[in-house]
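Here's the structure we're looking at; comments come further down.
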């Protein structure tokens, strides 16, 4: 593991239970506030229509450390999607960050020197689904965020793994090859 904590990227996918649209696919950047991730973090404080960035908070007045900003990958077009983003997804992300502090994935000693940017997926069908399982949405986002942070800080997948899998693994949406 490279422990400079300057710039680490990770991603993970955790699939929803059958019949749900709650797949989680966070893309994580984690690094020092004094480096390029910190600069990007500060720049993300400017809002753009439909892509409102929010801090990851566990509850009001409980901003997580490292400071984490959550940004939707898709345009949030209505309050129902904004509520899911600022509720279930924000909570799951915040809890995942704290759990990474608890289990040592993120070193406590430098937590205030790091920041995290988490790009998150919310399937637009979720808000209109009368059978939406918010517990499953929480589960997928929590698990995927923890995994993405761990992968980022461990530089996973490794270069050797990527090379070994070059001709064995296809993109999940690959219907062209």
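For the reader, a short list of remarks on this structure follows.
- Annotation: of all residues in region 52-74 being farther than 19 Å from residue 111 by Cβ and surrounded by 14 or more Cβ atoms within 10 Å (Cβ to Cβ), the one that is modelled with the lowest pLDDT is 52.
- Test: residue in region 97-112 that is without any contact (Cβ under 8 Å) to a residue 60 or more places away in the chain, touching a strand residue (DSSP E or B) at 6+ places or on another chain (Cβ under 6 Å), buried (at least 18 other Cβ atoms within 10 Å of the Cβ) and within 17 Å of residue 152 (Cβ to Cβ): yes
- Verdict on residue 89 being over 13 Å from the mean Cα position of the chain (by Cα), touching a residue at least 12 places away in the same chain (Cβ under 8 Å) and surrounded by 13 or more Cβ atoms within 10 Å (Cβ to Cβ): no
- Residue 16 vs. criteria modelled with pLDDT of 90 or more, part of a loop (DSSP other than H, G, I, E, B), surrounded by 14 or more Cβ atoms within 10 Å (Cβ to Cβ) and over 15 Å from the mean Cα position of the chain (by Cα): yes
- Here residue 146 does not fit the description of being surrounded by fewer than 18 Cβ atoms within 10 Å (Cβ to Cβ) and either in contact (Cβ under 8 Å) with a residue 40 or more places away in the chain or closer than 17 Å to residue 30 by Cα (or both).
- Exactly one residue among 130, 157, 124 is under 16 Å from residue 26 (Cα atoms), free of Cβ contacts under 8 Å to residues at least 24 places away in the same chain and over 13 Å from the mean Cα position of the chain (by Cα), and that residue is 157.
- Each residue in region 96-131 was checked for being part of a loop (DSSP other than H, G, I, E, B) and modelled with pLDDT of 95 or more, and 5 of them qualify.
- Residue within region 27-36 that is surrounded by fewer than 17 Cβ atoms within 10 Å (Cβ to Cβ) and free of Cβ contacts under 8 Å to residues at least 12 places away in the same chain present: no
The values are calculated or read from the model by the stated rules, or taken from the named source; none is laboratory data. The model shown is predicted, which means the values in this text are computed figures rather than measured ones. As a convention, Cβ positions derive from the backbone with ideal geometry for all residues, glycine included, and neighbour counts pool all protein chains shown.
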